[in-house]
Amino acid sequence: MPDKIPEIKIVPLGAGQDVGRSCILITIGGKNIMVDCGMHMGYQDDRRFPDFSYIGGGGRLTDYLDCVIISHFHLDHCGSLPHMSEIVGYDGPIYMTYPTKAICPVLLEDYRKVQCDIKGETNFFTSDDIKNCMKKVVGCALHEIIHVDNELSIRAFYAGHVLGAAMFEIRLGDHSVLYTGDYNMTPDRHLGAARVLPGVRPTVLISESTYATTIRDSKRARERDFLRKVHECVMKGGKVIIPVFALGRAQELCILLESYWERMALNVPIYFSQGLAERANQYYRLFISWTNENIKKTFVERNMFEFKHIKPMEKGCEDQPGPQVLFSTPGMLHGGQSLKVFKKWCSDPLNMIIMPGYCVAGTVGARVINGEKKIEIDQKMHEIRLGVEYMSFSAHADAKGIMQLIRQCEPQHVMFVHGEASKMEFLKGKVEKEYKVPVHMPANGETVVISAQPKLDIRVPLEKIDRSLSLDPNPAKSECPFVAELVYDQENERLNIMSTAESEDLIKDKNCMPITLSLSEIIKGKKVNWKELSNELLLYDPHLQLKDDGIEMFDGEITILANNSDETELELIWDECREQWFKVIHKAITDLISPESSPVPPAISVKA
Amino acid sequence: MNITNFSVYAQKPCFLLEWPNARILMDTPIDFTPFFSFLPHVYQSPRIKNAPIAKKFQIPYLKELGNRVYVESPPEIFHVSTDMLKMDTIDAILVSNYESFVGLPFYTEGSGFSGKIYVTEIAYQYGKLLMEEMLEFISRIEVLPSDKKWKREEFCGKFPNPPFQNPVEWRPYYTTTDMHSCLAKVITLSFNQTIDLFRIKVTPVVSGHTYGSAYWTIKTENEQFAYLSASNPSATDVKLMETAPLRAVDHILVTSLSRLVDTTAKEMGYSLIKTITDVLKKHGSVLLPICPVGPIFEMIEAVSDIITTTNGIPLDTPIYFISPVAKSAIAMASISAEWMSESRQNAVYLPEEPYSHSNLIKSGRVKIYDSLYGSFSKEFKTPCVIFASHASLRIGDAAHMVEVLGSDPKNAVIVTDPDLPCEDVREPFRNLPIKFINIPMDFRMDFASLERLLADAKPKYVLCSSSYTRPMIRRPDMQINYEKVWPIEYDECVQLSKLSRNKQKLVTVAVHPEVVKNLKFKQHPSKKLAVASIACHLSAYNDDFKLVPAKVKIARRKYGRITLAKVLKALRDKNWDAKEVEKPDETVLEIDELEAKITVKNDGTGTKISSNNQENREKILEMIRSILIEDDGLVGRNNVEIKPNL
């Protein structure tokens, strides 16, 4: 059945030309899929959620959405999920990888505590909401094809970035959307590089563009810079705070500091937020197969995430005198332990804060990075005198990585999300110039409609395929003559190829009999040895027939006859449709009977 | 598709699937029963080491023990002949579970195989551990390989315990080099990951038998086929079997059914627990010769529960897990939650390990050793429970532990492998007082479960080894009862197409937009059909079929009559002079100007253009074409052209 020209509609409800509350609505072939359901940490009002009233007009979403997909556990990609499913209302399936399914509720609960118990928020999802939401989650393995229903299927690919992060392909018939979520084309110490299977060619690639204009300097150079800054600060007796999300960056930086401390024989204490440290490392151990090859190989003997120099933070240790390094959560200083410690340390110029990740606009972290010297935190003004360093350790694809992914999967269209508009514009131009594909960068609430190229598949009888292949002597089989009749059944709106028998049946007119056109050429040379010649030609037609008057090939479509009584002249006759074989056969004959050729040794066996 | 059965054992299947363009081997089984012809290899046992040379044969390595004759040599394996399979022509091997995986190097190394091997990720990991364990056991054998003299009929045929098979066909175990070379050809898959092998879509589906075990759906344009390997629809620890894909296939090849009679794996489980409890209560030790991966994980927990909850069993009764790969197996179990049942999987969300092994090890209840040497020999105490390998009791640590515990009738060896007969396992230890108890734990699907599965899936045909259609005496329930079942004998080849009505084989081809754009449809005068002629190139490059625009003119079929009068008129229009030479049935026109001849058949059905000048041939061909009507689907009518909505 020929498909109607399909339409793919994509609307960002979040992460369109900004970072935060990632939420992309994809409509493909009448199916509605929500990918990611994030939280914007920079707002405290309803703007932190995607605008769900865009669909369903504020009502429940179960009847509208066919499925929800979460790419990874960061709150700007999953933070609104309990709100969406339990408060707005959604009871359909929610897909995410197994590690994401394990870690997601921990971070949601952590965030909920900050909002409700610390900030006194009342209109927020509850612990029970989180639990009930997670009951709807279906775990996905990498490369597993999951049939959401009879037509819609999804498939996860490794994204790097953080444990369990995945790119998702959403497919319906011949058309698909590949959504990257956050990804990293460069492997790091604990995670591998993003990769899709060969042959994935989406209609649309939706790519994050967090670092659309960045080609980050050498990873090793950034790491050396980080280590040097930490070392200098603690040598002066200062304290270093590194706000991190509990999972992902923290593991990478811990491995880095652990090996540096070991190498330099330092004894300055390094602490990790107590609440999540042990659990975080347990998740890494349980899902070790999602990390990179080096860690996988050693995990039986030693857990890579058990550190000698790094200890869980104890109550009050942030007040102890002397240098120390503290990894604390959350990563954008939007509450919790990291903000509490920051308030205590921020007025001392000996101290330092290293921001290793992207900070959403409006958070304390973002304001610190922007160089503000006075920041009001919890209705109290704080002097910011400590050293501020921003070092991008975020495991996002940079411009080079984004271009690499586009080259790998050859999409028909590209869409950029999760980045800033001006930077997207730059990369858009570059992609359009290099790959000649349309690039879209919608703002939140803006609909992009993509009409996929019409694709027509027809079912061809195998006999016609074989016939076509046999007409082309070239082993590549990339240009085989194909002749057939297409029949469009107007009652059933079905397109078929006629078989040969059906084709003959339509011809009734006696004045229109099939005609055979043949061509021939004379080849002169030595007296022919028919057996020898037929052995040579068997290579091309195993059903070749050696007859009294010559050789017949391809059921008579090519024949070779003696043209004189001495058999020193041969006539090569071929049907019009065998034109491509003419040169091959002609050369074989010429090679054999040409007076200049050396005698061919008698064939002992027929070539296979 | 052709299907050939290459295994004499239905529960250890090996089938070859053949298409014109591909040959795929399903599973690589090995048979351990040849081990029973060999003397157990134990580290210190005067009883075995001093066994006398069999008087009857006077060959130094033929020993007599308990009125049986054993070969003192590294034991050998039976597997399907790679010559029969023609491994150099096999394109791919699909391995269904880690038991089959262990046999791979016998098939892939030294046989000319150069294809790819596909298996699930976790079956690969566990299969690799089993390979490593066996190679370690083999490397510990101090005896040199014997000559092959004993394999002659006049020797082994006269053993009181003659081999079941012709030992000439047995092969020594593969080497570590073979293993590494084999593993380099493996590609691992997730469940439900579809791969395309020469346009054949292959998908491993959860079979529920062991960790990572899969059955396979295999689909081409015209065939929907499932290869049902060892499966268990009632699994409790491993991921639950998926049966929905079986409803979408026409033919199911059933293999590897349970060998239990009048009992179930669950009942055997209860029996095992009761037996262990009874032995421990009487202050005996239990030896469980068992594979170091798979069901052992649950058994360790079960034994720990027995010790904890049963009055009369000391709480400090140790559980020993002895294997060169014990540590790796325990570690692998802790990171395999994705491949486990939902209840096991839920532990990682707490986050805890799916099994309590780590806690049991920390508390000293479970102790892990990689061999009997070293700390085990100092720390070993009885009563205890010992998990060790190999289940055949001919190599490895388990065989030695039988000797250690054998003198005490309170102790027991519990044989659980359903494919190794308990009496054969026991034979060399028959004179020892230790008890041997047979509790086969066969987790494969039984005939009743299969019957329910087939009733749900409703395939058009069921294929199976012929042994599954020959009932045991008076046991019609121990066979496959399905309305359409096709048994396949050993070495028999079945053509699947014979089971279908002569359906036309169709191939899906993508049509390039340019080709679509240029289609011209004409309305059929009497039927509700529109017909368009298509002339283009077919690309089959990389097995990806496409119709693409032709760069050169494609010869179409021609209609009409080529009469002599028409040809002569066309020649005159071109101002070419022709000399007519009449012959029976045809007329030859010689055109000196073009150094060419045209032969016209008198019945008007064909013509031949003869010239050694290609350019001139083309000119004449063009002239002839102008006389004729090219095939546009509906020849010779002034039919209405329409544009269907595609």
Task: The lone exception for A:I10 - which of (1) at pLDDT below 85; (2) in a strand (DSSP E or B) it fails - done: (1)
Task: Scope the stretch A:424-449; condition of a type in the set (A, V, I, L, M, F, W, C), crowded, with 18+ Cβ neighbours inside 10 Å and in contact with a helix residue (DSSP H, G or I) (Cβ under 9 Å, 6 or more places away or on another chain); matching residues - done: A:L427, A:V431, A:V439, A:M441
TODO: Consider only pairs whose beta carbons are under 9 Å apart and that are at least six residues apart or on different chains; among these, list those whose first residue lies in the stretch A:167-178 and is polar (S, T, N, Q) and whose second residue is open to solvent by 30 Å² or more (accessible area, probe 1.4 Å) and not in a strand (DSSP E or B).
DONE: A:S176/A:R201
Open item on the list: Taking the condition of being out of contact with any helix residue (DSSP H, G or I) (no Cβ under 6 Å at 6 or more places or on another chain) and within 14 Å of chain B (Cβ to nearest Cβ), how many residues in the stretch A:119-135 meet it?
Closed with: 2
Open item on the list: Looking at the structure I just gave you, is B:K601 modelled with pLDDT under 80 and either open to solvent by less than 10 Å² (accessible area, probe 1.4 Å) or more than 58 Å from the chain's Cα centre (by Cα) (or both)?
Closed with: yes
TODO: Could you name every one of the helices (runs of 4 or more DSSP H) located completely within the stretch A:397-477 that has at least 3 residues being within 14 Å of chain B (Cβ to nearest Cβ)?
DONE: A:462-470
Open item on the list: Taking the condition of being surrounded by fewer than 13 Cβ atoms within 10 Å (Cβ to Cβ) and more than 7 Å from chain A (Cβ to nearest Cβ), how many residues in the stretch B:507-517 meet it?
Closed with: 2
- [ ] Search the stretch B:362-387 for residues that are of a type in the set (K, R) and pair each with any residue that is assigned to a loop (DSSP other than H, G, I, E, B) when their beta-carbon atoms are under 6 Å apart and the residues are at least 6 apart or on different chains.
- [x] B:K367/B:P318
Open item on the list: Residues that are within 14 Å of another protein chain (Cβ to nearest Cβ), at least 2 per element: which strands (runs of 3 or more DSSP E) completely within the stretch B:560-610 meet that?
Closed with: B:586-591, B:596-601
Task: Residues of the stretch B:533-554 classified as in contact with a helix residue (DSSP H, G or I) (Cβ under 6 Å, 6 or more places away or on another chain) and either among the polar types (S, T, N, Q) or open to solvent by 30 Å² or more (accessible area, probe 1.4 Å) (or both), total - done: 1
Open item on the list: With the structure loaded, tell me whether A:I497 is open to solvent by less than 50 Å² (accessible area, probe 1.4 Å) and either at pLDDT below 85 or in contact with a Gly (Cβ under 6 Å, 6 or more places away or on another chain) (or both) or whether it fails that test.
Closed with: yes
Task: Filtered residues of the stretch A:69-97 (kept if open to solvent by 10 Å² or more (accessible area, probe 1.4 Å) and either over 20 Å from A:M41 (Cβ atoms) or of a type in the set (D, E, K, R) (or both)) - done: A:D76, A:E86, A:D91, A:G92, A:P93, A:Y95
Task: Set A:T126, A:T203, A:T122: member being over 11 Å from the mean Cα position of the chain (by Cα), β-branched (V, I, T) and at pLDDT below 90 - done: A:T122
Task: Filtered residues of the stretch A:312-341 (kept if more than 16 Å from A:V368 (Cα to Cα) and either of a type in the set (D, E) or in a helix (DSSP H, G or I) (or both)) - done: A:E314, A:C317, A:E318, A:D319, A:G336, A:Q337
TODO: Output the residues belonging to the stretch B:520-544 that are under 30 Å from B:N21 (Cβ atoms) and more than 7 Å from chain A (Cβ to nearest Cβ).
DONE: B:N542, B:D543, B:D544
Open item on the list: Of the conditions (1) without any contact (Cβ under 8 Å) to a residue 24 or more places away in the chain; (2) crowded, with 22+ Cβ neighbours inside 10 Å, B:P351 satisfies every one except a single condition; which number is it?
Closed with: (2)
TODO: All but one of (1) open to solvent by less than 20 Å² (accessible area, probe 1.4 Å); (2) in contact with an Asp or Glu (Cβ under 7 Å, 6 or more places away or on another chain) hold for B:P172, so report the exception by its number.
DONE: (1)
- [ ] Would you check if B:I620 is assigned to a helix (DSSP H, G or I), more than 8 Å from chain A (Cβ to nearest Cβ), touching a strand residue (DSSP E or B) at 6+ places or on another chain (Cβ under 6 Å) and of a type in the set (A, V, I, L, M, F, W, C)?
- [x] yes
Task: Candidate set from the stretch A:187-200 (those that are at pLDDT 85 or above and more than 14 Å from A:S289 (Cα to Cα)); member that is nearest to the chain's Cα centre (by Cα) - done: A:V196
TODO: Out of A:A562, A:A603, report the one residue that is open to solvent by less than 80 Å² (accessible area, probe 1.4 Å) and at pLDDT 85 or above.
DONE: A:A562
- [ ] Considering (1) modelled with pLDDT of 85 or more; (2) more than 30 Å from B:K63 (Cα to Cα); (3) in contact with a strand residue (DSSP E or B) (Cβ under 9 Å, 6 or more places away or on another chain), say which one B:A412 fails and leave the rest.
- [x] (2)
Open item on the list: When you scan the stretch B:322-340, do you find a residue that is surrounded by fewer than 22 Cβ atoms within 10 Å (Cβ to Cβ), in a loop (DSSP other than H, G, I, E, B) and small (G, A, S), even just one?
Closed with: no
Task: Scope the stretch A:66-102; condition within 14 Å of chain B (Cβ to nearest Cβ), in contact with a Gly (Cβ under 6 Å, 6 or more places away or on another chain) and assigned to a helix (DSSP H, G or I); matching residues - done: A:Y98, A:P99, A:T100, A:K101
Open item on the list: With the structure loaded, tell me whether B:K579 is at pLDDT 80 or above and open to solvent by 80 Å² or more (accessible area, probe 1.4 Å) or whether it fails that test.
Closed with: no
TODO: Among what's in the stretch A:546-561 and is part of a strand (DSSP E or B) and in contact with a strand residue (DSSP E or B) (Cβ under 6 Å, 6 or more places away or on another chain), pick the residue that is nearest to A:K583 (Cα to Cα).
DONE: A:I558
Open item on the list: I'm trying to understand the selection: among the residues of the stretch B:197-209, which are within 13 Å of chain A (Cβ to nearest Cβ) and free of Cβ contacts under 8 Å to residues at least 40 places away in the same chain?
Closed with: B:K201, B:V206
Open item on the list: The conditions are (1) in contact with a Pro (Cβ under 6 Å, 6 or more places away or on another chain); (2) farther than 30 Å from B:P428 by Cα, and B:N97 fails exactly one of them. Which is it?
Closed with: (1)
Task: Residue count for the stretch A:507-553, restricted to those that are within 14 Å of chain B (Cβ to nearest Cβ), modelled with pLDDT of 80 or more and over 27 Å from B:E595 (Cβ atoms) - done: 1
Open item on the list: Checking the condition more than 14 Å from the chain's Cα centre (by Cα), β-branched (V, I, T) and open to solvent by 10 Å² or more (accessible area, probe 1.4 Å), which residue from B:T236, B:T203 passes?
Closed with: B:T236
Task: Answer residue from the stretch B:519-532, given it is crowded, with 21+ Cβ neighbours inside 10 Å and small (G, A, S) and is farthest from B:T220 (Cα to Cα) among those - done: B:A530
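The values are calculated or read from the model by the stated rules, or taken from the named source; none is laboratory data. Because the structure is predicted, anything quoted here is derived from the model rather than measured. Neighbour counts run over all protein chains shown; Cβ positions are idealised from the backbone, glycine included. The protein model used for the area step is the full one, side chains on, heavy atoms only, and it has no ligands, DNA or RNA in it. Shrake-Rupley method; radii C 1.70, N 1.55, O 1.52, S 1.80 Å.
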